[in-house]
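Enquirer: Encoded as C-alpha cells, here's the structure I'll be asking about.
Just so you know, all these numbers are worked out from the coordinates, no wet-lab data involved. Remember, it's a predicted structure, so these values are computed and weren't measured experimentally. All Cβ positions, even for glycine, are placed from backbone atoms using ideal geometry, and neighbour counts span all protein chains on display.
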Amino acid sequence: MPKQLLIFTQYVDRLNDRFGVVASWLVLIAVLVSAGNALIRYGFNLSSNAWLEVQWYLFAGMVMLGAATTFRLNEHVRVDVFYALYPNKVRLWLDFWGGIIFFLPMTIIIGWYSWEFFITSLLQNETSSNSGGLIRWPVRGVITLGFLMLTLQGISEIIKRYAAITGLIQIDPKYERPLQ
C-alpha cells in the first residue's frame, strides 16, 4: 500500500475534524438562536419564520458537517447486532467490505442527487414558501458538502482498515453500544 494513501487519510481526518468543530459551534449557536427566538416570541409577542428556518439550517449544519467526524470516531449507529461479539480482525474486514459495498455507493448516490438539488435551488434562487422565509440554496449546499465529506471519510476509513488488515497500522475497531 502506498504511503501516500495513508497521508491522504491524515488530511481527510484533519479536514473533517475541523468541520466537526464547526458542527459543535453550530450547536451553541442553535441553542442561542432558539432561546432568543422563544424570548422574543413569548416575551415581546414578536415572531418571524426566518428565525425558525435559521434553527433548521443550523440543525442541518450540525448533522451534515458533524457526520464524517462521528463516522471517523466510530460513534455512529451500527445496525449489526453481532459486531461487538466479533474479533477485531473480523470487524476490520466487515468495515472494509461494508464501506466498499454499502457505504461508499450510498454516499456517492445521495451526494450526487443532493448536488443536483443544490444547483437547481441556486439557479432558481429558491426561497422558502413561508412568509419571511429564507433562501434555500445555502442549506442545500450544506447537504452536498456533508455528503462529500462523508464520502471522503469513507474512503479514508477503507484505506485505514486495509492498512490495519495488512499490518501496516494498528486500529482498535472496538464499538461500544450507547448507554440506553
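Enquirer: Please go through region 17-63 and pick out each residue that is outside any helix (DSSP H, G or I) and touching a residue at least 40 places away in the same chain (Cβ under 8 Å).
Expert: Within region 17-63, the first condition is being outside any helix (DSSP H, G or I), and the residues that meet it are 44-48.
Correct list: S48 only.
Enquirer: Return yes when L6 is in contact (Cβ under 8 Å) with a residue 24 or more places away in the chain and within 13 Å of the chain's Cα centre (by Cα) and no when it is not. Show your work before the answer.
Expert: Numbers: in contact (Cβ under 8 Å) with a residue 24 or more places away in the chain: yes; within 13 Å of the chain's Cα centre (by Cα): no.
No; evaluated as a whole, the condition is false for this residue.
Enquirer: Taking the condition assigned to a helix (DSSP H, G or I) and touching a His at 6+ places or on another chain (Cβ under 6 Å), does T70 pass?
Expert: yes
Enquirer: How many residues, within region 125-134, are free of Cβ contacts under 8 Å to residues at least 40 places away in the same chain and either surrounded by 15 or more Cβ atoms within 10 Å (Cβ to Cβ) or part of a loop (DSSP other than H, G, I, E, B) (or both)?
Expert: Residues in region 125-134 being free of Cβ contacts under 8 Å to residues at least 40 places away in the same chain and either surrounded by 15 or more Cβ atoms within 10 Å (Cβ to Cβ) or part of a loop (DSSP other than H, G, I, E, B) (or both): 3 in total.
Enquirer: Still on this model: Which residue out of R72, R136, R78 is among the charged types (D, E, K, R) and either more than 22 Å from the chain's Cα centre (by Cα) or within 24 Å of R18 (Cβ to Cβ) (or both)?
Expert: R72
Enquirer: If you check F118, F147, F103, which single one turns out to be within 14 Å of the chain's Cα centre (by Cα), assigned to a helix (DSSP H, G or I) and over 23 Å from K89 (Cα atoms)?
Expert: F147
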